[in-house]
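Asker: Below is one structure. I have some questions about it.
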Amino acid sequence: MSIKHGEPRSVREVVCARSEDEVAQVGTRACALGDSVRIVGRLKTVLSVESVVLEDEGSEVEVDVSLSNPCRFKQGRQYQFIGELEDRRNSLGGGGAADATPILVARIARDVTGLDMALYRAGLKAQERCLRDIEERSSGGR
């Protein structure tokens with residue numbers, strides 16, 4: 001069994017995750033359920049020993065931390081999580097299944113308080129542009 005690396009994603013992209021079929025139809029880099037992702041954000045709430053809420057840029061996602069390394073989560077600090085998106089009822093939405101947003105089941109958690117988020121986002125955008133250019137060059141040269 002191989003472990004997938006976590007694709008860097010924003011909390012907003014994770015919250016808007018779709019089924020694999022929907023992602024195929026849209027044809028974008030949207031997150032799909034089952035994807036391995038890496039997100040960074042501010043810890044808004046500790047719901048229980050096994051669940052926290054992370055927020056970034058106005059979006060919130062519930063993170064199941066039961067599989068990750070033990071960490072004393074503190075409200076207001078920045079954390080990075082790597083894990084897989086699952087379609088489970090969360091504590092954030094309304095009552096119906098339509099209101100449910102994906103939950104990130106984290107296998108890795110780390111405190112990254114002090115990380116310059118503007119620089120982090122700029123680095124991710126630069127990396128994405130570079131990888132896209134490489135992909136275009138390799139597909140264009142065939």
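Asker: Determine the gain in length on full extension of the stretch ARG129-ARG72; use 0.36 nm per residue of separation and subtract their C-alpha separation, reporting nm with one decimal.
Answerer: 16.9 nm
Asker: Check THR101: other-chain or 5+ apart residues with amide H under 5 Å from its amide H, H built from backbone geometry?
Answerer: For THR101, whose amide H was placed from the backbone, the distant partners under 5 Å are ASN90, GLY93.
Asker: Could you pull out every residue, at least 5 positions away or on a different chain, whose amide H is within less than 5 Å of the one on GLU7? Hs are placed 1.01 Å off N in the peptide plane, and Pro or chain starts have none.
Answerer: Placed amide hydrogens put SER36, VAL37, ARG38 under 5 Å from GLU7.
Asker: How fast does region 98-141 diffuse by Stokes-Einstein, in µm²/s, taking the Kirkwood radius from C-alpha pairs at 10 °C and 1.306 mPa s? Each step should come with its number before you reach the end.
Answerer: Details: Rh = 14.0 Å.
My calculation gives 114 µm²/s for D.
Readers should treat all values here as calculations from the given coordinates under stated rules, not as data from a laboratory. Keep in mind that what you see is a predicted model, and the values were worked out from it rather than measured.
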